[in-house]
Amino acid sequence: MPPLSPLLLRAQSSGIREIATAARLIPGAIRLDTGEPNFRTPQHIAEAGKDAIDKGLTHYTDTQGILPLRQALAEKLERVNGLRTTPEQIVCGPGGVGVLAAALAALLAPGDEILLPDPGWPNTSIMTMWLGGKEVRYRCESSDGFIPDFDQLEALITPKTKVLLINSPNNPTGAVYDDQVLARLASIASRHNLWVVSDECYDQILLSGSGAAPSIASFIDRDRVVSVFTFSKTYAMTGWRLGYGVAHADVVESMVKFLSSSSSSISSITQWAGLAAIIGPQQCVADMVSAYRRRREIAVTLLREAGLLVSEPKGAFYIMANVASSGLTGRQFAFQLLSEMGVSVTPGSAFGEIAESAVRVSLASSDEDLVEGLGRLCEFSSARSSI
Ligand code: PLP
């Protein structure tokens with residue numbers, strides 16, 4: 001066999017997938033690992049998908065996304081995110097992940113450096129590898145509320161730094177960057193002439209306050225920002241694979257080249273369902289967010305009582321537990337918890353170095369699973385701590 005490309009061979013597979021794969025082999029395991037909402041896709045959205053099939057809307061579409069969807073998204077971006085835009089500046093892709101991949105492909109050349117958060121969602125690190133880029137991690141410490149250390153971040157910038165990637169609301173920490181934090185990041189990016197890729201896939205999942213999380217595009221010359229959103233989390237549509245980005249028309253053009261050559265277009269059925277999600281009733285979003293808030297309270301109480309709470313998440317649907325007192329690394333803890341107690345959580349090491357002694361618990365699983373799973377996690381931790 002000839003050699004495989006070293007670019008992907010060097011890339012580690014996602015630590016989230018690793019524990020999820022192990023959990024699938026354990027019958028009845030309680031799954032608190034992946035960010036998979038336990039809700040069904042709301043009925044009116046599913047019906048719109050069925051309708052598209054019945055009407056024969058089942059062919060290739062414009063790579064960028066069908067126009068009515070992009071028009072509705074332009075309206076949503078202004079109403080919810082305060083971003084004025086046009087359908088020409090919007091590009092749809094296969095999930096937020098597909099849009100992020102298109103954005104990085106449009107911006108990063110081999111050898112370019114990209115600043116990624118630590119802890120941070122692992123997929124963008126893997127994308128950087130296959131693009132031949134170089135990741136440089138900036139620290140977001142729990143002692144600072146998981147907000148980036150601005151001085152350390154700025155000190156990491158070199159002539160090769162091309163992109164600053166931020167993620168708020170954040171997976172895995174639950175941090176939500178306020179206006180001041182976004183303005184500081186915006187000024188660093190402008191001063192050093194960096195692109196900003198802003199992963200806002202949890203924009204509407206705020207665990208306190210109302211509305212949507214603020215967007216860095218409101219604080220900076222919009223031409224240098226690619227803002228990325230998804231239907232997966234807001235509408236419990238993970239399996240439909242629909243995300244979208246907003247960027248300058250030149251960036252969109254490059255992203256479309258990437259998308260047309262790799263996926264032609266997103267499923268037409270999915271796009272019509274996505275349109276129904278955006279223009280239909282939004283009560284379903286409020287209902288799901290209120291369930292995540294309730295679960296956050298449950299988890300905070302249980303973890304605080306057990307002395308494992310790191311901080312109260314403000315957005316997205318995850319909470320971190322510090323398991324250092326067990327004498328195990330987060331990774332050892334997660335795999336032993338799975339094999340001994342049948343509960344699956346994600347090791348903090350899946351997100352970088354900073355969270356190595358922590359595990360991430362998803363609040364997207366049902367209340368019952370969360371209570372039972374966290375009960376077993378606390379029991380396991382306390383038994384290990386007393387060894
Ligand atoms: N960004 C972050 C931070 C995520 O956690 C996820 C999914 O878990 C995504 C992007 C992409 O989600 P999707 O591709 O399902 O839209």
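The values are calculated or read from the model by the stated rules, or taken from the named source; none is laboratory data. Predicted, not measured: the structure shown is a model, and the values here were computed from it. So basically every Cβ, Gly included, is an ideal-geometry build from the backbone, and we count neighbours across all protein chains shown.
For this structure, a couple of remarks:
- Taken as a whole, the structure leaves S227 outside the set of residues that are in a helix (DSSP H, G or I), hydroxyl-bearing (S, T, Y) and more than 11 Å from the ligand (Cβ to nearest atom).
- Some residue of the range 203-215 being away from the ligand (no atom under 15 Å from the Cβ) and among the charged types (D, E, K, R): no
- Residue in the range 175-191 that is touching a Leu at 6+ places or on another chain (Cβ under 8 Å), touching a residue at least 24 places away in the same chain (Cβ under 8 Å) and more than 27 Å from V289 (Cβ to Cβ) present: yes
- For the range 53-76, filtering for residues that are more than 16 Å from the ligand (Cβ to nearest atom), hydrophobic (A, V, I, L, M, F, W, C) and touching a residue at least 60 places away in the same chain (Cβ under 8 Å) leaves 4.
- Check on G133, away from the ligand (no atom under 15 Å from the Cβ), crowded, with 20+ Cβ neighbours inside 10 Å and not assigned by TED's automatic domain parsing to the domain that holds T346: yes
- Members of the range 327-363 that are in a loop (DSSP other than H, G, I, E, B) and surrounded by fewer than 24 Cβ atoms within 10 Å (Cβ to Cβ): G327, L328, T329, G342, G352, E353, I354, E356, S357
- Residue within the range 210-225 that is under 22 Å from S268 (Cβ atoms) and among the hydrophobic types (A, V, I, L, M, F, W, C) present: no
- In the range 308-326, the residues that are part of a loop (DSSP other than H, G, I, E, B) and either assigned by TED's automatic domain parsing to the domain that holds D199 or modelled with pLDDT of 95 or more (or both): L308, E312, P313, K314, A316, F317, V323
- Every residue from the range 188-202 that is of a type in the set (S, T, N, Q) and more than 15 Å from the ligand (Cβ to nearest atom): S190, N193
- Identity of the residue in the range 230-256, of a type in the set (V, I, T) and within 16 Å of the ligand (Cβ to nearest atom), that ends up nearest to the chain's Cα centre (by Cα): T230
- For the condition acidic (D, E) and free of Cβ contacts under 8 Å to residues at least 24 places away in the same chain, E372 does not qualify.
- Filter pass, L182 being away from the ligand (no atom under 12 Å from the Cβ), within 21 Å of the chain's Cα centre (by Cα) and either crowded, with 19+ Cβ neighbours inside 10 Å or not assigned by TED's automatic domain parsing to the domain that holds G133 (or both): yes
- Unmet criterion (only one of (1) assigned to a loop (DSSP other than H, G, I, E, B); (2) of a type outside the set (V, I, T); (3) surrounded by fewer than 23 Cβ atoms within 10 Å (Cβ to Cβ); (4) touching a residue at least 24 places away in the same chain (Cβ under 8 Å)) for C201: (3)
- Criterion: within 16 Å of the ligand (Cβ to nearest atom), of a type in the set (A, V, I, L, M) and either surrounded by fewer than 22 Cβ atoms within 10 Å (Cβ to Cβ) or assigned to a helix (DSSP H, G or I) (or both) - qualifying residue of L302, L275, L259: L259
- Condition check for R17: within 16 Å of the ligand (Cβ to nearest atom), free of Cβ contacts under 8 Å to residues at least 40 places away in the same chain and either touching a Pro at 6+ places or on another chain (Cβ under 8 Å) or more than 22 Å from L206 (Cα to Cα) (or both): yes
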